[in-house]
Amino acid sequence: MSAHDIDFDRFRLRRLVEQLTELGEVEVHDEPVALADLSAIIEASPKGVLFRKAGPEQVELVAGVMGSRRRVAVALGVEEKDTVREYERRMANPQQHFEVPSADAPVHQVVLTGDDIDLTKLPFHLQHDLDGGPYISSAIDFSIDPANGRHNVGCRRLMLRGRQHLTTNLTSPSDLKLTYRACIERGDRLPISFAVGSHPTSYLAATSRRPGDEFDLLATLRGAPVPMVRGVTNGIPAPADAEMIIEGYLDELGYRELDGPYGEFWGFYGAAHIDPVFHVTAIAMRADVLHQSMLHGCRDMTRMEASPMGCLHAEASAYAALRAVRIVPAAVHASDAVATGQHVRVAIDPAAAPGQARSVISALFALPGMKQVVVVDSDIDVRNDAEVEWALSTRFRADRDLVVAEGFPGFYSDPTVSGGTVSKVGLDATAGLPGDSMENWRPTPPRVTRERRVASVREALQAGPLYFREIMDALGSDDGREIVLQLGELHEEGILTRGPNWQWELTKTEG
């Protein structure tokens, strides 16, 4: 494929930001903004935020691109309700990466090496009040395991440590951590390229835990082949359409510098910890580079950019786990208000076999990181907090419907971990079929047809018991007060009564 056949802008971050801006999803700041003020502005806005003149270099920087389900849906090219279906469709249609020469790669339009490298010219900024220093929070790492050639993609924060040095969090369990530890044992360096300024589908791939080639996974979640270019100094492929790539290597000296503290995705600070040092050997970028920051570890977790991504992964995993045990849920929703899709709600058919709610809870407890499962009937909208709370208040009894299980492996830095494990809770808020009594039925607004079929209330009730709205339908009434008067006349005649579910009916019918 020649460079003329490749649309390097199709998955460019800048193009997506322009689209989101047109949709009213981005707050634009044209005035100069100091780096120290960025985070407060970003966290205060419910939208994505685009700064035209960030820092003394007055660079363009965007944040909050993935901070809502709607913005993620736009990135996937679908309606918000269809995101899981689109995710599954793409996963069912694998794509591959391919390489392009440096001369064709837009991200190589500007390449800085040697003494021209100066990380202090990039918009690292203090993101939380007590962070250990300025960070870039939006980096996606690309690496190749020297031992077996395996391609790896992940998400990393980068802490500024000097003009040509960084630290990055390599404490949590990951394939990259295992690869690097093996390099230390061999006395080898580990080359890595960090892409900064990427399409949301790249983050979907970087936060996914699936077997196979992870460079290809990035293409699969794009729904199209991804062009990659090898680093000019380390030879590691990274997306050719990224905004910027920081090339370099983790040295062979191992864990030796403190990184952090940093505001983590749990909504707490993570303590400082010892991490390896990353040596920068090149900075490559587009000529009109758009820098990127991610809202991370904020007070309102629904706006943290990892939340919609985590929810999408969690919902797709829940559907797959339930299908594996032959359960077809009516709906699945992961709460945006907690980290990494830990809390999941599932709606099931009220006519399902007895015990299905417990089967749902059991199946989802087996998924790593999923700690709370609420099961409701399909008359409840699992996306609506008010409806779920109503179901819990009217259909859930703690002594009957609560499932607690212990001893599950804890997730990285989960503040509820004790002894390396966590507990999980399931809440069965199902009621089953509503039965014949209206006291088990949920009220809804009346919908009157206005198609007159009879001349009077008496004639309408001769056909059998009717609710007041059904009498209105029969008479084509759009008012109802005149029906009250006719019912009063029938009552005075002594022929009006109520049925078992309080319908109006005649005590005797006229021939």
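The values are calculated or read from the model by the stated rules, or taken from the named source; none is laboratory data. Note that this is a predicted model, so its numbers are computed, not measured. FYI the Cβ positions are ideal-geometry reconstructions off the backbone, even for glycines, and counts take in every protein chain you see. All accessible areas refer to the heavy atoms of the entire protein, side chains included, with ligands and DNA or RNA removed. Shrake-Rupley method; radii C 1.70, N 1.55, O 1.52, S 1.80 Å.
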note = Checked region 315-365 for anything touching a strand residue (DSSP E or B) at 6+ places or on another chain (Cβ under 9 Å), open to solvent by 50 Å² or more (accessible area, probe 1.4 Å) and assigned to a loop (DSSP other than H, G, I, E, B); matches are Val328, Ala330, Ala337, Asp349
inquiry  = Pairs needed: first member in region 489-502, closer than 25 Å to Asn440 by Cα; second member anywhere, open to solvent by 50 Å² or more (accessible area, probe 1.4 Å); C-beta distance under 6 Å; at least 6 residues apart or different chains.
reply    = Thr497/Thr507; Gly499/Pro465; Asn501/Met438
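Among the residues of region 99-111, are any hydroxyl-bearing (Ser, Thr, Tyr) and either in a loop (DSSP other than H, G, I, E, B) or in contact with a Leu (Cβ under 8 Å, 6 or more places away or on another chain) (or both)? Let's see the steps before the verdict.
Initially, region 99-111 is screened for residues hydroxyl-bearing (Ser, Thr, Tyr), giving 102.
Okay, now just the ones that are also either in a loop (DSSP other than H, G, I, E, B) or in contact with a Leu (Cβ under 8 Å, 6 or more places away or on another chain) (or both), so none.
Looking for residues that are hydroxyl-bearing (Ser, Thr, Tyr) and either in a loop (DSSP other than H, G, I, E, B) or in contact with a Leu (Cβ under 8 Å, 6 or more places away or on another chain) (or both), one finds none in region 99-111, hence no.
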ask   = List, please: which pairs have Cβ atoms under 6 Å, are six or more places apart or on different chains, and start with a residue in region 211-240 that is in contact (Cβ under 8 Å) with a residue 60 or more places away in the chain and end with one that is of a type in the set (Ser, Thr, Tyr)?
value = Leu218/Ser202; Leu221/Thr201; Arg222/Thr201; Val229/Ser102; Thr233/Thr281; Ile236/Ser193; Ala238/Ser193
request  = Determine which member of the set Arg71, Arg90, Arg85, Arg52 is assigned to a helix (DSSP H, G or I) and open to solvent by 50 Å² or more (accessible area, probe 1.4 Å).
outcome  = Arg85
remark   = Taking region 392-423 and keeping residues in a strand (DSSP E or B), at pLDDT below 95 and not small (Gly, Ala, Ser) leaves Glu406, Phe408, Pro409, Thr421, Val422
ask   = Here are Ala238, Ala272: which of them is open to solvent by 40 Å² or more (accessible area, probe 1.4 Å) and not acidic (Asp, Glu)?
value = Ala272
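Just one of Gly494, Gly435, Gly464 is over 54 Å from the mean Cα position of the chain (by Cα) and at positive phi; which is it?
Exactly one residue qualifies, and that residue is Gly494.
Going through Ser172, Ser137 one at a time, which residue ends up being under 21 Å from the mean Cα position of the chain (by Cα), crowded, with 18+ Cβ neighbours inside 10 Å, closer than 23 Å to Glu257 by Cα and in contact (Cβ under 8 Å) with a residue 60 or more places away in the chain?
Step by step, each of Ser172, Ser137 is checked, and only Ser137 is under 21 Å from the mean Cα position of the chain (by Cα), crowded, with 18+ Cβ neighbours inside 10 Å, closer than 23 Å to Glu257 by Cα and in contact (Cβ under 8 Å) with a residue 60 or more places away in the chain.
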Unique residue being touching a Gly at 6+ places or on another chain (Cβ under 7 Å) and open to solvent by less than 40 Å² (accessible area, probe 1.4 Å) when the list is Leu20, Leu16 = Leu20
